[in-house]
Amino acid sequence: MLVRWLIAVIYSGSILTAATPAWPQACAVACEPRGNFQKTAEAPILDAVCFTGLRRIAPAAVGAQLRSREGEPFDAARIDKDLRALARLGWFESIQVEEVSSTLPLRPASENQKHIALIFHLEERPFLSKVEYSGSRLLSQKQIEKMLEDKKLSPRLGKPADPAALQLIALAIRTGLNEQGHPGASVRIAREQARNATLSVRFEINDGPLLRVRQVSFDGHPQVSTKLLRGQMRSIAPWKPLASWRGKNAYTREAFEEDRQRILTYYQNHGFPEARIGTARVARSNEPSRRWLPWPHESELSGLSVSIPVEAGPFYRFESIAATDALQQAAKERGRNPRLSSEQERGGPFSQQEIDKLRRLWIARVQSRTSEIDSAISHSVEVMRTFNPENHTARVAFDLSDSPPYIVQRIELFGLHKFSDRYVRRRILLREGRPINERAVEAGLLRLARTNYFKPIRNEDVRVQLDDANHTANVSIHLEEIGQQRASLAGGTGQFGSTLGVVYAVFDLLNREELLSAQLDGGPESLQILLGLAKEGIFGTRASLAFWVFNNVIRPRFARSAQGPFFSSHSEGINIPWTYPLTNTDSLGFNFTLSRTATEYLLASPSDVPGVTLGDVQSKTSSRSLGLGWVRDTGSERVLFANSASGGWLGGGENMVRSSAEYGRIFRDQVFAPAGAWAFRTTFSGAGSYRGDMPFYARLFSGDELVRGLRPGELGPYAVTARIAANGATTYSASPSGANLLGAGSAEYRFPLAGGMEAAAFFDLGSGLLLPRWLGPTKPILLGATNGVLHGSAGIELRWNVPGVQVPVRAYYAVNVLRTSQFFSLSDNSLFHAHNRFSAFGWGLGTLF
């Protein structure tokens with residue numbers, strides 16, 4: 001009696017080859033059928049493994065997938081794994097394995113041991129030779145192929161036809177039609193198999209009628225207004241502007257599940273922890289509509305009405321929120337205890353979001369700040385909730401968990417089509433085999449969101465499945481790609497005013513996970529063009545390397561200095577930065593810059609400008625610089641040190657040393673208003689020449705980017721310049737001469753406003769010095785009383801992030817409480833008044849800190 005294992009599977013796969021010994025397609029050994037195999041104390045020896053039914057696939061390709069080998073003891077468990085491995089390939093319609101007796105000559109050492117052979121009876125699937133799409137009036141063949149390519153579902157011609165893969169293609173086409181307002185779309189798969197074992201497939205598509213969502217209602221006991229619930233819906237929202245163009249009036253199960261989760265989250269964060277949202281009831285409806293063409297008449301619009309059952313449950317308030325003594329003691333050992341808001345202490349509405357926020361705050365307090373995020377030493381905080389159904393109150397207690405941490409067993413990533421799995425895993429800080437850490441998950445997802453290649457990642461996109469028996473966790477992360485090509489607006493604030501530009505970036509064009517980008521931005525006094533190539537994980541390390549080609553033009557126009565030295569600077573060159581992350585918050589960077597600068601000086605006397613002789617109005621300087629920098633960025637604290645040197649053994653005509661340092665910190669207001677925040681910044685910059693003259697363009701012309709309310713260059717001193725008129729007369733004037741040593745500090749109190757706006761009350765303080773010894777042989781004639789003057793301003797600033805652009809727009813009003821106001825006699829008939837404005841309105845793009 002034959003012993004057989006039969007597996008009929010439908011799976012997807014591809015033919016693999018390996019350099020392993022080839023088994024014959026037909027058994028070449030003498031075999032006799034055997035009865036049922038009875039286990040003995042000693043396992044029989046496997047003499048031969050052979051295959052039948054192979055037509056196109058080489059026996060060696062199949063044998064490479066097996067663990068069973070000739071001459072080894074027979075293992076039933078290994079045969080079971082072999083069968084599953086062949087099934088996963090998707091090459092075969094059916095698989096049978098048969099055990100037979102072997103009649104090969106026996107070796108003397110194994111005459112008393114049983115010998116068997118295995119025959120794998122295989123039925124190959126036909127090869128896919130042709131795929132067609134027909135019947136759709138909405139989706140062309142190119143659109144379908146593009147959609148399948150984006151979802152990595154393109155049919156694999158010349159490979160075994162996998163029925164499961166074909167079903168996924170049909171599902172993707174049907175989903176695409178559903179998203180365009182055709183919920184009744186259907187796709188039929190027609191197969192035609194030829195005699196040569198090839199298969200032609202035609203997807204017969206029926207678009208179905210156009211049925212857009214016309215009405216959305218909430219049944220049951222919502223206990224909140226329909227307007228508030230509709231405000232939580234983002235995927236199905238036919239009331240929003242241009243809903244049909246934005247795909248907001250099409251019903252799909254996936255879109256409803258996203259909105260259902262948003263509505264449930266709203267309830268749980270506004271006092272309804274027991275809220276339940278049921279499955280939507282979708283029905284076809286007809287609405288009357290009046291049309292005016294070709295003549296006024298009444299008609300009906302067919303569509304869908306969506307009814308969502310809602311049971312809000314009772315409204316709960318916080319009765320108390322407390323932490324156990326063990327948790328408080330652990331927090332005191334590493335930092336101060338977090339303070340609960342007065343609203344929660346007085347009995348605010350129950351909010352799961354507030355509980356999660358406090359839990360994360362306690363976790364941050366009990367975990368060591370110096371340890372790595374993925375360290376095996378991890379403390380966890382558990383939450384105990386107690387609900388009182390009589391008075392509808394909730395008690396929340398936080399406690400230090402003494403149970404061992406959950407170990408991450410598997411991390412699954414969903415939604416990746418253009419980006420590789422490795423690209424995402426390198427950026428999230430969570431690792432398989434390590435303890436699960438919420439800070440690591442949040443920090444990793446934040447790093448991933450900063451790439452701007454994925455849509456914002458919400459809490460519901462991360463799911464953690466815990467196994468209490470084995471103390472393991474499986475993490476699944478759902479991502480939604482924006483695309484490999486990205487065009488965005490960019491803006492910022494510099495020493496010559498605000499700039500606005502556009503950035504175009506292409507990722508992984510060369511299949512090396514590289515980033516190609518082009519940037520063009522400018523303002524009234526500056527223009528910059530950048531072309532760059534960046535690569536992370538260079539040479540298999542954590543470092544990143546970039547190569548930039550730049551072209552800059554600066555034409556400053558200083559206010560009230562019509563007689564001053566206007567100049568135009570044009571720089572071009574390359575910059576090669578190398579960055580290595582030391583920790584999750586610290587990074588070390590090196591950069592090499594090779595540039596050439598041409599500067600034109602207008603209306604200036606030769607003695608004021610270094611490197612310019614009489615009759616010459618232009619100077620050219622080449623620069624080769626090497627820089628070193630260190631940055632720490634924790635999100636709430638930023639520390640930066642940067643130094644660079646040019647000339648010397650590096651070569652070039654510029655011999656300078658530059659240095660800068662910056663410290664900024666922001667922390668929440670735990671005393672007056674939890675929504676408010678304090679922010680502080682201190683910055684220092686210096687530049688000097690150690691050989692020869694310091695180029696004029698290298699001076700620092702700072703203004704409202706350090707002290708709001710000042711014009712460009714007013715933070716530094718003034719210098720006297722002379723000009724010879726056409727009649728031979730010499731006239732004198734004064735203008736900002738720039739500085740080579742700057743220091744400034746800012747303090748702000750920030751508080752949010754409605755509509756995503758933010759307001760900040762600020763106080764700025766700063767001063768600029770021009771040290772003649774750092775300039776080289778050529779020195780300007782300074783107005784000494786203006787050198788090193790302390791400037792200060794106070795005021796209020798409004799900020800708003802432009803939706804979709806994420807470039808902050810700032811508008812401020814500043815009063816210069818410390819300002820300059822002095823008269824200087826430049827000649828017998830020339831008087832100069834150096835003064836700052838009493839107050840000023842200003843605006844800018846980008847954040848100051």
Within segment 550-583, considering residues that are open to solvent by less than 60 Å² (accessible area, probe 1.4 Å) and under 30 Å from G635 (Cα atoms), the one modelled with the lowest pLDDT: T583
Answer residue from segment 272-304, given it is free of Cβ contacts under 8 Å to residues at least 12 places away in the same chain and out of contact with any Lys or Arg (no Cβ under 8 Å at 6 or more places or on another chain) and is surrounded by the most Cβ atoms within 10 Å (Cβ to Cβ) among those: R291
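Let's see how each residue does on (1) in a loop (DSSP other than H, G, I, E, B); (2) surrounded by fewer than 18 Cβ atoms within 10 Å (Cβ to Cβ); (3) not basic (K, R):
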site: W630; (1), (2), (3): no, yes, yes
site: E654; (1), (2), (3): yes, no, yes
site: R665; (1), (2), (3): no, yes, no
site: A719; (1), (2), (3): no, no, yes
Selection status of A679, over 29 Å from L831 (Cα atoms), open to solvent by less than 10 Å² (accessible area, probe 1.4 Å) and aliphatic (A, V, I, L, M): yes
Residues of segment 725-742 satisfying the condition of being farther than 18 Å from F824 by Cα, touching a residue at least 12 places away in the same chain (Cβ under 8 Å) and open to solvent by 40 Å² or more (accessible area, probe 1.4 Å): L741
Condition broken by F256, with the remaining ones in (1) open to solvent by less than 50 Å² (accessible area, probe 1.4 Å); (2) assigned to a helix (DSSP H, G or I); (3) under 30 Å from N388 (Cβ atoms) satisfied: (3)
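Condition check ((1) modelled with pLDDT under 85; (2) open to solvent by less than 50 Å² (accessible area, probe 1.4 Å); (3) over 50 Å from the mean Cα position of the chain (by Cα); (4) over 24 Å from P163 (Cβ atoms)) across all residues:
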site: A48; (1), (2), (3), (4): yes, yes, yes, yes
site: R55; (1), (2), (3), (4): yes, no, no, no
site: A60; (1), (2), (3), (4): yes, yes, no, yes
site: A64; (1), (2), (3), (4): yes, yes, no, yes
site: S68; (1), (2), (3), (4): yes, yes, no, yes
site: E72; (1), (2), (3), (4): yes, no, yes, yes
site: A76; (1), (2), (3), (4): yes, no, no, yes
Filtered residue count, segment 156-178, keeping only those that are part of a loop (DSSP other than H, G, I, E, B) and in contact with an Asp or Glu (Cβ under 9 Å, 6 or more places away or on another chain): 1
Any chance F841 is modelled with pLDDT of 85 or more and not acidic (D, E): yes
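For (1) of a type outside the set (S, T, N, Q); (2) at pLDDT 85 or above; (3) open to solvent by 30 Å² or more (accessible area, probe 1.4 Å), each residue gets a yes or a no:
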position	(1), (2), (3)
P772	yes, yes, yes
L775	yes, yes, no
A785	yes, yes, yes
V789	yes, yes, yes
G792	yes, yes, no
I796	yes, yes, yes
R799	yes, yes, yes
G804	yes, no, yes
P808	yes, no, no
Residue match in segment 689-699 (condition: in contact (Cβ under 8 Å) with a residue 24 or more places away in the chain and open to solvent by 70 Å² or more (accessible area, probe 1.4 Å)): yes
Single residue of segment 144-167 satisfying the filter (hydrophobic (A, V, I, L, M, F, W, C) and crowded, with 16+ Cβ neighbours inside 10 Å) that is farthest from I205 (Cα to Cα): A161
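Yes/no matrix, rows are residues, columns are (1) aromatic (F, W, Y); (2) free of Cβ contacts under 8 Å to residues at least 12 places away in the same chain; (3) surrounded by fewer than 17 Cβ atoms within 10 Å (Cβ to Cβ):
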| site | (1), (2), (3) |
| --- | --- |
| E124 | no, no, yes |
| F127 | yes, no, no |
| E132 | no, no, yes |
| G135 | no, no, yes |
| I169 | no, no, no |
Extreme residue, nearest to L710 (Cα to Cα), among residues of segment 814-838 that are among the hydroxyl-bearing types (S, T, Y) and surrounded by 14 or more Cβ atoms within 10 Å (Cβ to Cβ): T820
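The values are calculated or read from the model by the stated rules, or taken from the named source; none is laboratory data. Since the model is a prediction, treat every value here as computed from it, not as a measurement. All Cβ positions, glycine included, derive from the backbone under ideal geometry; neighbour counts span all protein chains shown. What goes into the accessible areas is simple: the full protein's heavy atoms, side chains included, and nothing from ligands, DNA or RNA. Shrake-Rupley method; radii C 1.70, N 1.55, O 1.52, S 1.80 Å.
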